[in-house]
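The values are calculated or read from the model by the stated rules, or taken from the named source; none is laboratory data. Owing to the predicted nature of the structure, the values given are computational and were not obtained by experimental measurement. Glycine gets a Cβ as well: all are built from the backbone with ideal geometry, and neighbour counts include every protein chain shown.
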Amino acid sequence: MIKKILLTGFGGMLAQDAAAVLQPCFEVITRREQELDICDAEAVQAAVCSIRPDAVVNCAAYTLVDACETEQEKAFAVNATGVKNLALACRQSESLLMHISTDYVFDGGKQAPYTETDAARPLSAYGQSKRAGEQYAQEITERHVIIRSSWLYGSGGNNFVKTILRLAQENKELRVVDDQRGSPTWTRDLSHAIKALLDSEARGIYHVSNQGSCTWYEYARRIVEHAGLGVQVRPITTDELKRPAPRPAYAVLDCKRFINDTGSALRTWESALDEYLQSELHEV
Ligand SMILES: NC(=O)c1ccc[n+]([C@@H]2O[C@H](COP(=O)([O-])OP(=O)(O)OC[C@H]3O[C@@H](n4cnc5c(N)ncnc54)[C@H](OP(=O)(O)O)[C@@H]3O)[C@@H](O)[C@H]2O)c1
C-alpha cells in the first residue's frame, strides 16, 4: 500500500494540481528542479534513498515541444536520462515509478484512438525523448506505471487556454490549426486519475485523457465562446502555421484500460474545460 510519495518537477503545471489532489491522501514530499535535478544521477539516488518513498511520481520534463528540436541534448537529458536515473533509484529502493508521458509518442497516422499496445513512432525530438524515457522505465523496473496523456491545461502553467484568452483580448481574429485532433485534458482531472492508479495494483502503460476529441480550432472556439469574447476564430492548416516540430495529426488516446482497471473514467473535455474556464475567468 502506498503511503509516502516523492513528487518531482514540482512547480510545473501538472505537479501543482497533483500535489493538491494527493496531499490529503498521502504523505507527499515535493521537489522542485532547484531542489532535485532529475538529470543528476547521484542526487536522485541520494534523495530516493533518504526519503524511501513507496512511489515516485515524476512530473519533471522538458516540455517546450518546438525548442526540443534545437535543444535535443537537453530534451534527452531530462526526458530520457532523467527517467533512467529515477528508474534505477526506484529499483534499488523498491519504490513504484509513476511516470507521465505523452500522446506525442505516436505518429498520428491512425484513424481510431491509440491503445497502449499500438506502436510508438514519435515524429518530433520531444516525442522521441519522451519515448526513450518510457523505454528506460520499462526496461529498468517492473514496478512502473507510465501514464500517457494529452493536450494538458491547468491553472499552474502556461497553456493553450491561457494563450487563446490572452490573444483574444489583443486581436480581432485568431487563426488556429484545424487538422490536428486530440483530447484536451485538465491537469486536475489527470491528478485524480494519478490517485486512482496509485490506489490500484496498476502496472504498465495507461492512456488517460478527458473523453472525446476536437481540433485546436474547435478547442479555441469553445474557449472564446465560453469567455464571451467577440474575436473571430478562423481555421488554418498545420502547414500554414510553420512550427519547427512536427505534431501528430491524430493523437486521440483509447482510455479503456484505465477505465477497466480503476473503475473510474474522466469526464468529457467540454465539461472539464467549462469548469476550468469558470474558475480561471473568475480569478481574472
Ligand atoms: N503540457 C502538455 O500539453 C502535456 C501533454 C501530454 C503530456 N505531458 C507530460 O506531462 C508532464 C507534466 O507536464 P507539464 O505540462 O506539467 O510540464 P511543465 O509545466 O513544463 O512542468 C515540468 C516541470 O519539470 C521541471 N523540470 C525541468 N527539468 C527538470 C529537471 N532536470 N529536474 C527536475 N525538474 C525539471 C520544470 O522546471 P522549470 O520550469 O524550472 O524548467 C517544470 O517545473 C510531462 O511529463 C509532460 O511531458 C504534457
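Here are a few things to note about the model shown:
- Checklist (1) farther than 22 Å from Leu253 by Cβ; (2) near the ligand (Cβ under 8 Å from one of its atoms); (3) in contact with a Ser or Thr (Cβ under 8 Å, 6 or more places away or on another chain); (4) in a helix (DSSP H, G or I) applied to Leu36, failing item: (4)
- Test: residue in region 175-189 that is of a type in the set (Phe, Trp, Tyr), under 16 Å from the mean Cα position of the chain (by Cα) and farther than 19 Å from Asn260 by Cα: yes
- Residue among Ala77, Ala87, Ala137 that alone is more than 27 Å from Lys195 (Cβ to Cβ), modelled with pLDDT of 95 or more and over 15 Å from the mean Cα position of the chain (by Cα): Ala77
- Ala120 assigned to a helix (DSSP H, G or I) and within 15 Å of the ligand (Cβ to nearest atom): no
- Failed item, numbered, when Phe26 is tested on (1) of a type outside the set (Gly, Ala, Ser); (2) surrounded by fewer than 23 Cβ atoms within 10 Å (Cβ to Cβ); (3) more than 9 Å from the ligand (Cβ to nearest atom); (4) within 30 Å of Lys162 (Cα to Cα): (4)
- Single match in Ala47, Ala55, Ala20, Ala60 (criterion: in contact (Cβ under 8 Å) with a residue 12 or more places away in the chain and in contact with an Asp or Glu (Cβ under 8 Å, 6 or more places away or on another chain)): Ala60
- Number of residues in region 13-22 that are buried (at least 23 other Cβ atoms within 10 Å of the Cβ) and either within 8 Å of the ligand (Cβ to nearest atom) or more than 18 Å from Ser200 (Cα to Cα) (or both) equals 3.
- Qualifying residues in region 138-170 (those that are polar (S, T, N, Q) and assigned to a helix (DSSP H, G or I)) - the one farthest from the ligand (Cβ to nearest atom): Gln169
- Scanning region 206-248 for residues that are touching a helix residue (DSSP H, G or I) at 6+ places or on another chain (Cβ under 8 Å), among the polar types (S, T, N, Q) and outside any loop (DSSP other than H, G, I, E, B) yields one hit, Gln211.
- Count of residues meeting criterion [farther than 17 Å from Val145 by Cα and either away from the ligand (no atom under 12 Å from the Cβ) or not charged (D, E, K, R) (or both)] in region 71-80: 6
- Test: residue in region 181-198 that is in a loop (DSSP other than H, G, I, E, B) and crowded, with 23+ Cβ neighbours inside 10 Å: yes
- Inside region 203-250, residues that are free of Cβ contacts under 8 Å to residues at least 12 places away in the same chain and closer than 20 Å to Trp186 by Cβ make up a count of 1.
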